[in-house]
Structure formats: C-alpha cells, structure tokens
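Since the structure comes first, as structure tokens, the remarks are kept for the end.
The values are calculated or read from the model by the stated rules, or taken from the named source; none is laboratory data. Remember, it's a predicted structure, so these values are computed and weren't measured experimentally. Cβ placement follows ideal geometry from the backbone for every residue including glycine, while neighbour counts extend to all protein chains displayed. Quick note on the areas: whole protein, heavy atoms, side chains included, nothing else; ligands and nucleic acids left out. Shrake-Rupley method; radii C 1.70, N 1.55, O 1.52, S 1.80 Å.
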Amino acid sequence: MDLGIRGKSAIVCGASKGLGKGCAAALARDGANLVINSRGREALEATAEEIRRDCGVMVAAIACDVTTPEGRVQLLAACPNPDILVNNAGGPPPGDFREWDREIWLKAINANMLTPIELIKATVDGMIARKFGRIVNITSGAVKAPIADLGLSNGARSGLTGFVAGIARQVAQHNVTINNLLPGRFMTDRLRGNTETNAKKTGRSFDEQVKVLLGGIPAGRFGTPEEFGEFCAFLCSAQAGFYTAQNVLLDGGQYPGTF
Ligand code: NAP
C-alpha cells in the first residue's frame, strides 16, 4: 500500500536504535525524507547511512539531546517545517517512588512530557498552514496499565497523554493528526537493560526473567522495532487523516481488558 508520504519530511527523535529507528526506517521505506536524532553520534550516523542505502531517501543525522532547548533548536534548524514528527526519547529509570526527589521528577517530566509538547508547539502551526501534519508520540503501555516501579514513566507520560487529548481536537480540522503509540514489550536495548536489572533483583537468570515476561504476553513473544515502525508509518499516512487523538496499544494482547 502506498502511504502517500513520498517526498514528505519527517523528524524522528531518539532514532539511532530501538523503536525510533523502527519508525524512521518504515517512514523511509515509504519515501519520506528524514531528520533523525539521538545523543550518540556514531550509532546515529550508522543508522542514517543504513537507511539512505536501503531506501534512497535523504537522511540528515542530528546528534543532540532532544530534551534540551539547544538540542531542539539544532533539530528544528535542520527541518523547520516537518510534515511528520515522531516524538521519542529514553524512558525514565525504574525504582521506588520514595527515592524520587523533585529533581528526578522534573527530569522525567521534561523528557517524557514537556519535550514532545515543545516540539509539537514548534511544528504544528506550519502543518496547519500546509493542511497536512502527522504527529506520533511514542509513549508506553504503562499509560493504560501502570507498571509500579515505572512510576516516573506512568506519571510523566500520562501528562503528555492528557495534553494531546485536548490539542489533537483543536487541529484535526486542518488535516493534522496527533496520536500516541503505546509499546508493550519490544526487544530493544531498553527492554534488555530493564530485564537484566530485574533478573538481578529477583535472583533469576536473564533467560528465566525473559520467560516470566513472555508468560504475560498472549502472542508468546516480544514485539519487533520493525512491527512498531510499520504501525507508526500507517499513523503518518495520508489514509490515516481521520484517525486522531487516540492511544494505540501495541502489545501482543498483554493488556487484559476488553476496551
Ligand atoms: P532504546 O532501544 O534504548 O532506544 C532509545 C533511543 O533514543 C536511542 O536511539 C537513544 O540514543 C535515543 N535517546 C535516548 N535519550 C535521548 C535524548 N535525550 N535525546 C535524543 N535521543 C535520545 O529504547 P526503546 O526501547 O526504543 O524505547 C523508546 C521509548 O519507548 C522509551 O521512552 C521507552 O521508555 C519507551 N518504551 C519502550 C518499551 C519497550 O519494550 N522497548 C516499552 C514501553 C515504553 P542515545 O542514547 O544515543 O541518545
């Protein structure tokens, strides 16, 4: 299916690896030109080169911390008028809420709520003027079914979710959509790291801990960044213009509710 985004420009944050890379690669396969970002330069350049080679689109790699004002200035200078924006950054660390002071909370809120809001604010009026815009925020299944030791993520991302629910309805009439894509468990460095930490905490081996996690996923496996990316690309397609203000859970059936 042609997604109708050939030649459109997309900013994909946090895209040197994992879910962000999956989104960038899928958008590029459908012909979008990219500006991709992460803090580490080496992996980012390698990803940019891989996508250029595989998809023949233009890819600019901007190595910066998207959670800082300076980082966002660099990113927007490379692509001031994106048609597509995929918001993403690392998730906050797990832990016990008693140990989180104000500074730790502000860091999580900055990264997982205020940073996407700043980028939406900087790009949405251009999208409105051009009568096409697709914004996807990578959040987490934890927004729908909170994970106790990821309280920083549950809290900060819920704030973003509430904000998006309001603003998406203000811009929908201009063919600008804003949706949140909620990953369940996808095998990326982030999940690998969290699994190693939890294995150590519980005295299990890594493989035993993986088995425990898989036990909660009806699909019997973790998701792949490629699957996640294809979903993101569809949300960014011309065909998805009537789909907005939604929270799309991608979790292999892990969430147990009917709705
Ligand atoms: P990942 O494999 O660790 O990849 C994160 C990507 O974001 C990397 O490219 C990283 O590169 C970049 N990044 C991190 N912090 C950044 C920053 N401040 N500025 C710019 N780039 C930054 O993680 P992932 O699994 O793809 O997760 C992506 C998001 O989904 C995270 O917020 C995570 O919490 C959330 N999530 C993931 C899962 C899962 O199962 N994987 C489940 C629920 C939620 P650098 O480190 O070089 O900057």
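Multiplying each eigenvalue of the alpha-carbon gyration tensor of segment 72-207 by 5 and taking the square root yields semi-axes of 32, 15, 14 Å, largest first, rounded to whole angstroms.
Around the Cα centre of the chain, unit charges on the Cβ atoms of Lys, Arg, Asp and Glu (plus for the first two, minus for the last two) sum to a dipole of about 320 debye. Tell me the label-point distance for the pair Ile128, Gln239, using the 7 Å Cα-to-Cβ offset, in nm and rounded to one decimal. About 2.9 nm separates the two model spin labels. Inverting the pair-averaged 1/r between distinct Cα atoms of segment 53-128 gives 14.3 Å as its Kirkwood hydrodynamic radius.
Of the peptides 227-238, 58-69, the order by per-residue mean of other Cβ atoms within 10 Å, starting with the highest, comes out as 227-238, 58-69.
For segment 1-151, the fraction of 1.4 Å probe accessible surface lying on carbon and sulfur atoms is 55 percent. Note on Lys8: aspartates and glutamates with a C-alpha under 20 Å away, same-chain residues under 8 apart excluded, are Asp30, Glu49, Glu50, Asp54, Asp83, Asp125, Glu230.
If you build the Cα gyration tensor of segment 1-81 and take the root of 5 times each eigenvalue, what three semi-axes come out, in whole angstrom, biggest first?
The equivalent ellipsoid of segment 1-81 has semi-axes of 20, 14, 10 Å.
By the compact-protein rule of thumb, 2.2 N^0.38 Å, the alpha-carbon radius of gyration of segment 3-47 corresponds to a ratio of 1.08. Backbone amide hydrogens, once placed in the peptide plane, bring Asn137 within less than 5 Å of Asn87, Asn179, Asn180, Leu181, excluding anything fewer than 5 places away on its chain.
Within segment 96-135, the proportion of Cα pairs with more than 17 Å between them is 48 percent. Within the chain, helices built from complete DSSP H runs that reach 27 Å or longer along their own axis (Cα positions) and carry a mean Kyte-Doolittle hydropathy of -0.5 or higher are 151-171. Among residues other than Gln254 with Cβ under 12 Å from its Cβ, the summed charge is +2 (Lys and Arg +1, Asp and Glu -1). Protein heavy-atom surface of segment 208-259, 1.4 angstrom probe: 62% of the accessible area is carbon and sulfur, with nucleic acids and ligands not counted. The Cα-based radius of gyration and maximum Cα-Cα distance (Dmax) for the chain are 17.7, 56 Å.
In terms of packing, defined here as the mean over residues of other Cβ atoms within 10 angstrom, the peptides 79-91, 167-179 line up highest first as 79-91, 167-179. Accessible surface computed residue by residue for the chain, with neighbouring protein chains in place and a 1.4 Å probe, gives 48 Å² per residue.
Entry note, the chain: the mean residue ellipticity at 222 nm calculated from DSSP H runs of n ≥ 4, each adding -39500 (n - 2.57), is -14500 deg cm²/dmol after division by the residues and rounding to the nearest 500. Taking a straight line from the alpha carbon of Lys201, these lysines sit under 24 Å away, with near neighbours fewer than eight places off in the same chain left out: Lys211.
Report the FRET efficiency, 1/(1 + (r/R0)^6), for Ala78 and Ile147, where r is their Cβ-Cβ distance and R0 is 41 Å, rounded to 0.05. Rounded to the nearest 0.05, the efficiency is 0.75. Spatially, segment 184-259 and segment 1-56 are offset by 20 Å when compared through their Cα centroids. Here's the picture: a label point sits 7 Å out from the Cα of Asn110 along the beta-carbon direction, and within segment 8-23 the residues with their amide nitrogen under 20 Å of it are 13-15.
Using a simple spin-label model with pseudo-atoms 7 Å out from Cα toward Cβ, Arg53 and Tyr255 lie 3.8 nm apart.
Kirkwood radius for segment 158-249, taken over all pairs of different Cα atoms as the inverse mean of 1/r, rounds to 15.4 Å.
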